[in-house]
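Input: a single structure, listed below in structure tokens.
The values are calculated or read from the model by the stated rules, or taken from the named source; none is laboratory data. This one's a predicted model, so the numbers in the text were calculated from it and none came from an experiment. Cβ: placed from backbone, ideal geometry, glycine included. Neighbour counts: every protein chain shown. Only protein heavy atoms, including side chains, enter the accessible area calculation; ligands, DNA and RNA are left aside. Shrake-Rupley method; radii C 1.70, N 1.55, O 1.52, S 1.80 Å.
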Number of protein chains: 2
Amino acid sequence: MQTIVIAGVGLIGGSLGLALRKAGFKGRILGISSPATIDKAIERGAIDEGVSLTEAAQAADVFYLAQPISVILDTIDRIASLVRPECLVTDAGSTKARIVEHAAKLPLFLGGHPMAGKEARGIAAADPDLFADRPYILTPPEGRLMESPAVSDFVQWLRRCGTVPVLLSPSKHDFTVSWTSHLPQLASTALARSLSGQLTLDQIVSASGPGLKDATRLALSPWSVWRDIVQTNTEFIEHALTVYIDTLTEIRDNLQTPRTGEDFAVAADVALGIRVGPQKE
Amino acid sequence: MQTIVIAGVGLIGGSLGLALRKAGFKGRILGISSPATIDKAIERGAIDEGVSLTEAAQAADVFYLAQPISVILDTIDRIASLVRPECLVTDAGSTKARIVEHAAKLPLFLGGHPMAGKEARGIAAADPDLFADRPYILTPPEGRLMESPAVSDFVQWLRRCGTVPVLLSPSKHDFTVSWTSHLPQLASTALARSLSGQLTLDQIVSASGPGLKDATRLALSPWSVWRDIVQTNTEFIEHALTVYIDTLTEIRDNLQTPRTGEDFAVAADVALGIRVGPQKE
């Protein structure tokens, strides 16, 4: 990998550029974004210069799409006839099945999804350590990495950036994140939405502790980020919501019985496991 | 207030003792708890010495019940015939209507609920700043503070400890916290409970980011803390869960429509308001 193009130099794209530099990448990092973002990204050292899509397609050994899902789909269309046959196109979109299917028109594509993020967005929030020790899901065909040198080189750089690559099929990815990411988001949004009809903000603030902040943090995320995710993973999300609603209904109907105590015990085990990781015997 | 007895010297009771000392309280602080906890509480400076219930009732100007709700109800029974008529009994229980009703047998009772807490429990986690800048709900009869000198003296000490007293009726308190505390707890518990049936811990950990940790933090809370709360506020909690389930159902049935975008916008406003406080014109 001599030249990487990052399309969308926001939190994820900018952080990748910074992480590559920190990991010792000496090649060129080109960016595609608005002029204002390109200026900031150069200033921060995340990219070397801004380029057009056509220039990018000619230069890229790796073409990294760090855009909203609908823009990724559009970029794939626009670069399909432009990229060199040996160029690896890869992405950081939050759902995979739709993107991977759409990318069949590209010579060489590897779907990806870094399990990293923070509340703040944009190049200003980019962080060379954003990916450190975080899982990075890759969705190669048949769930094993392709044997192309471009792929193994790119994955090697992901490891040098501190990520922990995890292989999943696109469908298994979308199922898994419907539980680990999309359901928690909608649960938080629905919680904040429900509160709004019942209490004034004064009443909420004067009768709440740190727990409510934790529970509503995800609800800060805007629909502009989630619309594409929800629309490209609708079935799995509908299913996860149904299971969640059933669990809540059982708890509501068993508040006075030991069954809710059992639910608390199982839930506390899961919550602890998420923090300490799976404990092997 | 010359002598305060703290029954239950855990996170809340221990923090009150430390906060009173930090605020300059020069009187005696007596504790009721297990011998091991009493030793630790003395060592930490949260109390001066441990006493029996009978000794406490004879000495107390203020009798502060920082126990689980069921133990508070029991302690009220046991001290009703022992406390001096001018002694103010007050509590820190998480629900109020049941406790206030039960405390009618006491000469002078003021219900309370500090809106403070943290994940860790017990005297080891006690913190003199736990209450600083946090609301402290008081539920006097008819929603206004009684004119007793003992009450105004105690409330003055709460203010010196950094709390922001808020007056609510017991019923209004229980309604409000069913939304701001009990529903977030059950939403988090139900989320972690739902995940357990779908994915292994390995799968969860390898495909989740910081958002899932936020969303499942409350699920770490044990049933031993929540059983009494749920059983003394069942009706309001059932109602809040029903509204939450309805909101989730509407979101599930509208994933592809602009309605969910509107829900995100309202929810983000609420989540932001919880952080920055109500904005006056």
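In table form, for the structure just shown:
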| read-out | value |
| --- | --- |
| Convex hull (Cα only) mean projected area of the stretch B:28-159, reported in nm² to one decimal | 7.9 |
| Cα long-axis angle, helix A:69-79 against chain A (0 to 90 degrees, to the nearest 10) | 20 |
| Relative contact order of the stretch A:107-151, defined on C-alpha pairs under 8 angstrom at six or more residues apart (%) | 49 |
| Value of Rg/Rh across the stretch A:1-45 [Cα atoms, Kirkwood radius] | 0.93 |
| Beta bridges per DSSP with both ends in chain A, % antiparallel, nearest 5 | 15 |
| Estimated vicinal HN-Hα couplings, Hz - the stretch A:159-174 in sequence order (Karplus 6.51, -1.76, 1.60; Gly, Pro = x) | 5, 4, 6, x, 6, 10, x, 10, 9, 9, 6, x, 5, 5, 4, 5 |
| Set of aspartates and glutamates with alpha-carbon distance to residue A:22 below 19 Å, sequence-local pairs under 8 removed | A:43, A:48, A:49, A:127, A:129, A:133, A:153 |
| Cα point-scatterer Debye curve for the stretch B:152-215, base-10 log of I(q)/I(0) at q = 0.15, 0.16, 0.21, 0.26 Å⁻¹ | -0.69, -0.73, -0.90, -1.09 |
| For residue A:239, label point 7 Å along C-beta direction: distances to other copies, nm | 3.7 |
| In sequence order, calculated HN-Hα J values of the stretch A:48-53 (Karplus, 6.51, -1.76, 1.60; Hz; x Gly/Pro) | 8, 7, x, 9, 7, 4 |
| Chain B - percent relative contact order, Cα under 8 Å, separation 6 or more | 16 |
| Protein accessible area in the protein assembly as shown, 1.4 Å probe - carbon and sulfur % | 51 |
| DSSP-loop GluC sites (Glu not before Pro) across the stretch B:89-168, with at most 14 other Cβ within 10 angstrom | B:119, B:147 |
| Relative contact order, percent, the stretch A:1-151 [alpha-carbon distance under 8 Å, six or more residues apart] | 28 |
| Inter-chain Cβ neighbour average for residues A:255-265, partner chain, 10 Å | 6 |
| Label 7 Å beyond Cα on the Cβ vector: residue B:82 copy-to-copy distances, nm | 8.2 |
| From phi via Karplus (6.51, -1.76, 1.60), per-residue ³J(HN,Hα) for the stretch A:252-259 in Hz, x at Gly/Pro | 4, 7, 10, 4, 9, 10, x, 4 |
| Rounded to 5, the percent of DSSP beta bridges in the protein assembly as shown classed as antiparallel | 15 |
| Translational D in µm²/s for the stretch A:106-255 (Stokes-Einstein at 4 °C, 1.567 mPa s, Kirkwood Rh from C-alpha pairs) | 71 |
| Label distances, nm, residue A:167 versus same residue in remaining copies, Cβ-directed 7 Å point | 6.9 |
| Peptide A:132-140, shielding by other chains (average Cβ, 10 Å cutoff) | 1 |
| Ratio of the Cα radius of gyration of the stretch A:190-281 to 2.2 N^0.38 Å, where N counts its residues | 1.36 |
| All-pairs Cα distance distribution in the protein assembly as shown, expressed in whole percent, bin size 10 Å | 4, 17, 23, 20, 16, 11, 7, 3, 0 |
| Estimated inter-spin distance, residue B:148 and residue A:142, nm [label 7 Å along Cα→Cβ] | 8.0 |
| Highest-fluctuation residue, A:50, A:209, A:27 considered, GNM on chain A with Cα pairs under 10 Å | A:209 |
| Chain B - Rg (one decimal) and Dmax (whole number), Cα, Å | 20.9, 67 |
| Calculated Rg and Dmax of the stretch A:56-134 using C-alpha coordinates, Å | 13.3, 37 |
| Cα-Cα over 23 Å, subset of A:26/A:118; B:40/B:213; B:40/B:96; A:40/A:96; B:96/B:213; A:118/B:213 | A:26/A:118; B:40/B:213; B:40/B:96; A:40/A:96; B:96/B:213 |
